[in-house]
Structures are given as structure tokens and as C-alpha cells.
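Here is the structure we will look at, set down as C-alpha cells.
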Amino acid sequence: MGQGALALTESALRQLLDTVSPTGAGSSDAEVLTAVLGRLAELVACAGIGFIELDRHRHTLRATQFISSAPVRVAPIDTRGLVVHPFRARDDGATLVAGYLRTIGFRHELMAPLADRTGVACWLVLARLHGEARFSERDRLLLTLLQPHVAAVLDRVGARGRSAPELTARQVQLLRRVARGETNRQIARHLGLAESTVRTHLEHIYARLEVHSRTEALAVAAPLLNG
């Protein structure tokens, strides 16, 4: 590689590191992640780039923030229907992600693990089509260097989303009474609602927060309740 090419690569790398630095409050989560993916795609040519999540509880793989120049359909799939290499364990997440990429039309992949919490793992994935060159050692080294920075961006975005769950004023009011230890009947009496309406509100809150109990709901919604 010539000196000019090296300087260009270093310049592009600095631009990417600027992109994954903490952003201003005016940038939305989607804008932050799209900018990171766009910069990375400028450094490593690929037909598809994005984040792929594996939910081991629900046995699903889905692509998020996925950008593709190829006519592929990145719909969620059931991992139990994937055909994987016979010498690889089925719970090997990277193998399942590779199988998913083959299913939707890609041939070569470059992956970096970003997070693995409570049964949901996430990878940053770059993919190329059949007939395109495999990813080089330079590409792999670059992704390895950038992996912790991209993981930090994803953590910030996730924390920002977790810190401000979207609930209506009525739902927040109801959860505050739950936090005081009130029963559904007591909440209904204080808010002038039917007890069945309180149960319905709680079911909607659980669904919105993706939880299954009062305790979990209070933990996730704590920033709103303490505000």
C-alpha cells in the first residue's frame, strides 16, 4: 500500500472515530447509528451493513438499522428453521447469523459482537454477495479496531432508550401508585376507574415496556417515576 493510500485511510479512520464519539442532544438514535454505518461502509466496501440481533428466548434473528445495496429482504426469521454447518453447535450465535445472511442472499460476512444481555445478542455485520471478493485481513483488522467504539455507541443509544420509556401521563400516574404498593382495587378507587380498567392499563404498560410483572415495570420506568 502506498503512502498516499495509507494517509487517506488514516483520514477516513479519524472521520469514523469522530462519528462514533458522543453526539449532541439533537441527534436521534436512528441518525447516530445510520451515520456510524455509513462511515464504516465508506471504509469497507460491502453490499449490506447493519446490526443483527439474536433473541435466544424467542428463537428469532432480525436485522436492525440494516442498509443494503442489494435486493434482499431482511425479515425476521425463526432460528429453528435454519440449516447450519453440521460441525457447529446450533447455539453458536455467529453461526446462526451467518446462516441467516445466506438465507437472505449474502455470501460473505464480516461480524463483530457488540452485546449479549439477558438472552439477546447483537452483532455488527458487513456482508457481500456471491461473486464479490471475500473480506480481507485489512477489513477484519479495521473492524476489530472499531468494534469497541461502535459497541459504545450502541450502549449509549440503548441507555438513552431505556432511561426514557414512552408512557402516557395516565400510565405514569398509575405506575406511581403501584410503586406505593397499592392494589388494583385501591388504584381504581383513587383514580375513579373500574378495577378491570386498571388491569387493562397495566397490561398495556407491560407490553410497551416489554416486561411481565409490576416489579419489572417499576425498574424499567424508574427514570419517569422519579422525575
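The values are calculated or read from the model by the stated rules, or taken from the named source; none is laboratory data. Given the structure is predicted, the values throughout are model-derived calculations rather than measurements. To get the accessible areas, we keep the full protein, side chains included, count just its heavy atoms, and leave off ligands, DNA and RNA. Shrake-Rupley method; radii C 1.70, N 1.55, O 1.52, S 1.80 Å.
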Go through region 137-145 residue by residue and turn each phi into a ³J(HN,Hα) via Karplus (6.51, -1.76, 1.60, θ = phi - 60°); whole Hz please, and just put x for glycine and proline.
5, 4, 4, 5, 5, 4, 5, 4, 5
Over the heavy atoms of Ser136, what accessible area does a 1.4 Å probe trace out, to the nearest 10 Å²?
50
Using only the Cα atoms of region 177-227, construct the convex hull and provide its projected area averaged over every direction, in square nanometres to one decimal.
3.4
For Leu114, other-chain or 5+-apart residues with amide H closer than 5 Å (H placed, Pro excluded) are Cys122, Trp123, Leu124
In what sequence, largest accessible area first, do Thr95, Thr197 appear using a 1.4 Å probe?
Thr197, Thr95
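Grab the alpha carbons of region 97-227, take their convex hull, and tell me the volume per residue in Å³. List each step's numbers first, then the result.
Numbers: hull volume 17.0 nm³, N = 131.
In region 97-227, the Cα hull volume divided by residue count equals 130 Å³.
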